[in-house]
Amino acid sequence: MTTATPHIVLLGDSIFDNSLYTRGEPDVVTHLRAVLPAGGRATLIAVDGSITRSMPRQVSRIPADATHLVVSIGGNDALSNSDLLEAPAKSTADALRRFDERLAMFEADYRAAIQPVLDLGIPTTLCTIYNGAFDDPDQARLKRVALMMFNDAILRLAFERHASVIDLRLVCNDRTAYANAIEPSGSGGLKIARVIARAANVPAAGDHSSVFCR
């Protein structure tokens with residue numbers, strides 16, 4: 001267990017900056033402040049609507065006394081590639097080639113976004129992109145399968161750099177965790193806050209990645 005008083009900084013998009021969607025319930029950072037030990041602090045730098053290329057502005061705002069960084073970014077980038085699900089293809093191989101082209105761009109952008117965070121040398125946890133709560137079962141299935149490929153890029157970077165991982169697909173695993181198709185509800189935010197607090201309480205391993213899912 002870590003003994004230093006934590007100061008957790010949240011970076012990324014509306015997964016953390018979700019106050020507009022909770023209908024009066026606490027947002028993620030408010031829940032996190034409530035579940036941290038006495039003296040623990042949480043700072044919200046994440047901004048609703050952010051994409052990977054938005055990260056430099058957030059990195060520049062990280063407080064000097066931050067003890068843990070948690071990043072959830074990439075979901076909006078993935079959404080911007082949803083057109084691939086409707087694009088005509090001559091074959092499965094043709095469809096996979098198109099995905100490969102987009103995924104290469106996503107991975108390059110994601111790595112460029114995360115590298116400056118990791119270079120700070122502060123214990124960092126990266127979050128996967130969760131599946132959402134889409135009403136159409138067929139669309140939900142297609143999006144879930146497509147997101148596996150985007151999440152692969154996130155996981156490989158985390159494992160390469162021995163960063164911790166929160167797998168939000170397993171944290172937000174039922175409809176009550178969502179305020180709409182893609183934003184966390186108040187109760188979903190509590191689940192996210194609890195797993196963040198748990199991840200921050202585990203010392204950085206240095207030679208391997210720890211994965212948290214509840």
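The values are calculated or read from the model by the stated rules, or taken from the named source; none is laboratory data. Fair warning: this is a prediction, and the values are worked out from it, not measured in the lab. A quick note on method: Cβ atoms are made from the backbone with ideal geometry, for glycine too, and the neighbour counts reach across all protein chains shown. With ligands, DNA and RNA removed, areas are computed over all heavy atoms of the protein, side chains included. Shrake-Rupley method; radii C 1.70, N 1.55, O 1.52, S 1.80 Å.
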ask   = Failed condition for D167, given (1) more than 21 Å from S14 (Cα to Cα); (2) touching a residue at least 40 places away in the same chain (Cβ under 8 Å), with all others met?
value = (1)
ask   = Would it be correct to say that F134 is closer than 17 Å to G12 by Cβ and touching a helix residue (DSSP H, G or I) at 6+ places or on another chain (Cβ under 6 Å)?
value = no
message = For the structure I just gave you, tell me whether D77 is surrounded by fewer than 19 Cβ atoms within 10 Å (Cβ to Cβ) and of a type in the set (D, E, K, R).
response = no
query = Looking at (1) of a type outside the set (F, W, Y); (2) over 15 Å from A181 (Cβ atoms); (3) exposed (fewer than 15 other Cβ atoms within 10 Å of the Cβ); (4) touching a residue at least 24 places away in the same chain (Cβ under 8 Å), which is the only condition D119 fails?
reply = (4)
request  = Among the helices (runs of 4 or more DSSP H) lying completely within region 122-214, list those that include at least 3 residues that are among the acidic types (D, E).
outcome  = 137-160
task = Could you tell me whether any residue of region 148-156 is modelled with pLDDT of 95 or more, farther than 30 Å from G39 by Cβ and in contact with a strand residue (DSSP E or B) (Cβ under 7 Å, 6 or more places away or on another chain)?
result = yes
ask   = Filter region 130-178 for residues that are open to solvent by less than 10 Å² (accessible area, probe 1.4 Å) and β-branched (V, I, T); which is farthest from the chain's Cα centre (by Cα)?
value = V171
note = Among the residues of region 188-209, the number that are in contact with a helix residue (DSSP H, G or I) (Cβ under 8 Å, 6 or more places away or on another chain), modelled with pLDDT of 90 or more and open to solvent by less than 60 Å² (accessible area, probe 1.4 Å) is 8
Lone qualifier among A104, A95, A108 - being assigned to a helix (DSSP H, G or I) and surrounded by 15 or more Cβ atoms within 10 Å (Cβ to Cβ) = A95
Near pairs, Cβ below 8 angstrom, 6+ apart or cross-chain, from region 125-136 (without any contact (Cβ under 8 Å) to a residue 12 or more places away in the chain) to any residue that is crowded, with 19+ Cβ neighbours inside 10 Å = none
key: Answer from A200, A193 - the residue that is small (G, A, S), closer than 28 Å to P26 by Cα and in contact with a Pro (Cβ under 6 Å, 6 or more places away or on another chain)   = A200
key: Lone unmet requirement of (1) at pLDDT below 95; (2) more than 18 Å from S82 (Cβ to Cβ) for S185   = (1)
